[in-house]
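Q: Below is a structure I'd like to ask you about.
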Amino acid sequence: MRGLPRRSDVLGRVAAGTGVEEVLALEQKVEELAEAVAENAALEVPLAVIVAELEQALVGPLEHRARLAAEQSGR
């Protein structure tokens, strides 16, 4: 004789059959994406500062290279 299914088994099948399980999985993915977006937004300003510093650091060497190229082409 077969016993009654456990309550958790029945609830799992009902959730899967009604789409609740899929909705919960999608909600979890939305929460994960929202967290990732917030992390990216938090990095925007520090990264912009780093990029600006790198650009500024390149000005001198690039100007020097341009002067050398101009001098060599002017010969």
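Q: To the nearest 500 deg cm²/dmol, what mean residue ellipticity at 222 nm is calculated for the chain from DSSP H runs of n ≥ 4 alone, each contributing -39,500 (n - 2.57), summed and divided by the residues?
A: Value at 222 nm, helices only, nearest 500: -32000 deg cm²/dmol.
Q: A further question follows. Ignoring ligands, DNA and RNA, what percent of the accessible area of the chain is carbon or sulfur (1.4 Å)?
A: Reported share for carbon and sulfur atoms: 62 percent.
Q: Something else about it: With a 1.4 Å probe and all protein chains left in place, how much accessible area per residue does the chain have, in Å²?
A: 94
Q: Follow-up. Dipole magnitude of the chain about its Cα centre, charges +1 at Lys/Arg Cβ and -1 at Asp/Glu Cβ only, in debye to the nearest 20?
A: Dipole magnitude for the chain comes out near 400 debye.
Q: If you don't mind, another one. Compute the helix-to-body angle for 20-73: its Cα long axis versus the longest principal axis of the chain, expressed 0 to 90° and rounded to tens.
A: 10
Q: If you don't mind, another one. Considering all alpha-carbon pairs of the chain, what whole percent are spaced by more than 16 angstrom?
A: So the portion of pairs separated by more than 16 Å is 75 percent.
Q: Tilt of helix 7-18 relative to the longest C-alpha principal axis of the chain, in degrees (0 to 90, nearest 10)?
A: 60
The values are calculated or read from the model by the stated rules, or taken from the named source; none is laboratory data. Small disclaimer: the values here were computed from a predicted structure and weren't measured. For neighbour counting, all protein chains shown are included, and Cβ atoms are generated from backbone atoms with ideal geometry for every residue, glycine included. Heavy atoms of the whole protein, side chains included, go into the accessibility calculation; ligands, DNA and RNA do not. Shrake-Rupley method; radii C 1.70, N 1.55, O 1.52, S 1.80 Å.
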